[in-house]
Amino acid sequence: MKASKMEVSQKQKIHPEFQRYIDRQPYTVVLDGLRFIIDNDVFPPDMGRCSQNLARIAQGYRAQTVLDMGCGSGYLALSMKHSGAAEVWATDIHGPAVECARRNVKLNDAVGPVQVVQGDLFENIPATLKFDLIIFNQPFGPGQGDTVCGCGPDGGYRIVRRFLTQAADRLTPDGVVIMAFSDREPVENSPGRVAAELGYPVSVLLDAYYGDANNYIFEIRPLQKAAGNHGLLVPLALLLTLVAEWDCLLPVAAEII
């Protein structure tokens, strides 16, 4: 198995850190007091800080209806349910990720139900459902060759634009989207850049240098297109807590529209 994974790595030119996590799979990890099994070919939520940064910021919205788009192991969905969200859905197009997420929901059944479906973006999310918060830890750039952990050639700009275009119809009136990005990938793949291109208000919730790259988390408001200035819903206290926990993080409440 190790040899076949290495062959895929050479095709994909996977970052060495990513490869180390792939080589460990399957494995078990505890995040936010919850236990997760990370199966083969499922994106590792414990790699780096991105997924956990998204979870910390997402919890600050105190959203009641939440969608974890591209859910992978189901970490963000379960984290939001654990923090008190009333209704949480998770979806992924990648079969191994969907099975892994369902397994982790059962493993953490005391947290409460999370609905996990398989589909392309909103394909199998009931059209009547509207979300206060949609979290998407999308592939930051297009993959080359075979899909790895669900990351394929439609990553980056293509998936971000397609997702943001559809998201406007799936949010409550004050609903928001949060997405991450790293400038290891070209800036045209940035959700902030794509959202601005679509005319959506964007705020930078996190601007931090670590892992030899600039890392960002964006808040995007598709329903308030071209509607002027908007404040952040994330409490300042939460952002200060992030700084206290990780002194390299520099949250920025800066409008970029």
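The values are calculated or read from the model by the stated rules, or taken from the named source; none is laboratory data. As the structure is a prediction and not an experimental result, all values here were calculated from the model. Glycine gets a Cβ as well: all are built from the backbone with ideal geometry, and neighbour counts include every protein chain shown.
Side notes on the structure shown:
- Residue check for Glu219: at pLDDT below 95, outside any loop (DSSP other than H, G, I, E, B), of a type outside the set (A, V, I, L, M, F, W, C) and on the phi < 0 side of the Ramachandran plot: no
- Among (1) touching a helix residue (DSSP H, G or I) at 6+ places or on another chain (Cβ under 7 Å); (2) modelled with pLDDT under 95; (3) in a helix (DSSP H, G or I), the one test that Ala167 misses: (2)
- Residues of the stretch 19-35 satisfying the condition of being of a type in the set (Lys, Arg) and either free of Cβ contacts under 8 Å to residues at least 40 places away in the same chain or not in a strand (DSSP E or B) (or both): Arg20, Arg24
- Residue check for Ala237: in a helix (DSSP H, G or I), at pLDDT 90 or above and within 19 Å of Tyr61 (Cβ to Cβ): no
- Leu54 being under 17 Å from Ile217 (Cα atoms) and not in a loop (DSSP other than H, G, I, E, B): yes
- Failed criterion for Asp68 (all others in (1) without any contact (Cβ under 8 Å) to a residue 60 or more places away in the chain; (2) buried (at least 17 other Cβ atoms within 10 Å of the Cβ); (3) within 27 Å of Gly175 (Cα to Cα); (4) in contact with an Asp or Glu (Cβ under 9 Å, 6 or more places away or on another chain) hold): (1)
- Test result for Val88, of a type outside the set (S, T, N, Q), modelled with pLDDT under 95 and over 24 Å from Gly192 (Cβ atoms): no
- Criterion (at pLDDT below 50 and either in a strand (DSSP E or B) or of a type outside the set (D, E, K, R) (or both)) met by exactly one of Ala226, Ala195: Ala226
- Here the stretch 72-113 is the region considered, the condition is being outside any helix (DSSP H, G or I) and in contact with a Phe, Trp or Tyr (Cβ under 7 Å, 6 or more places away or on another chain), and the residue that is nearest to Pro26 (Cα to Cα) is Ser73.
Okay, residues lined up against (1) surrounded by 18 or more Cβ atoms within 10 Å (Cβ to Cβ); (2) over 13 Å from the mean Cα position of the chain (by Cα); (3) modelled with pLDDT of 95 or more; (4) charged (D, E, K, R):
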position	(1), (2), (3), (4)
Ile134	yes, no, yes, no
Gly145	no, yes, no, no
Val148	yes, yes, no, no
Asp154	no, yes, no, yes
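- Count of residues meeting criterion [under 22 Å from Leu133 (Cβ atoms) and either of a type in the set (Phe, Trp, Tyr) or without any contact (Cβ under 8 Å) to a residue 60 or more places away in the chain (or both)] in the stretch 186-207: 13
- Search result, residues across the stretch 77-103 that are of a type in the set (Gly, Ala, Ser) and either on the phi > 0 side of the Ramachandran plot or surrounded by fewer than 22 Cβ atoms within 10 Å (Cβ to Cβ) (or both): Ser83, Gly84, Ala86, Gly95
- Of all residues making up the stretch 22-47, the number that are within 20 Å of Ser182 (Cβ to Cβ) and touching a strand residue (DSSP E or B) at 6+ places or on another chain (Cβ under 8 Å): 5
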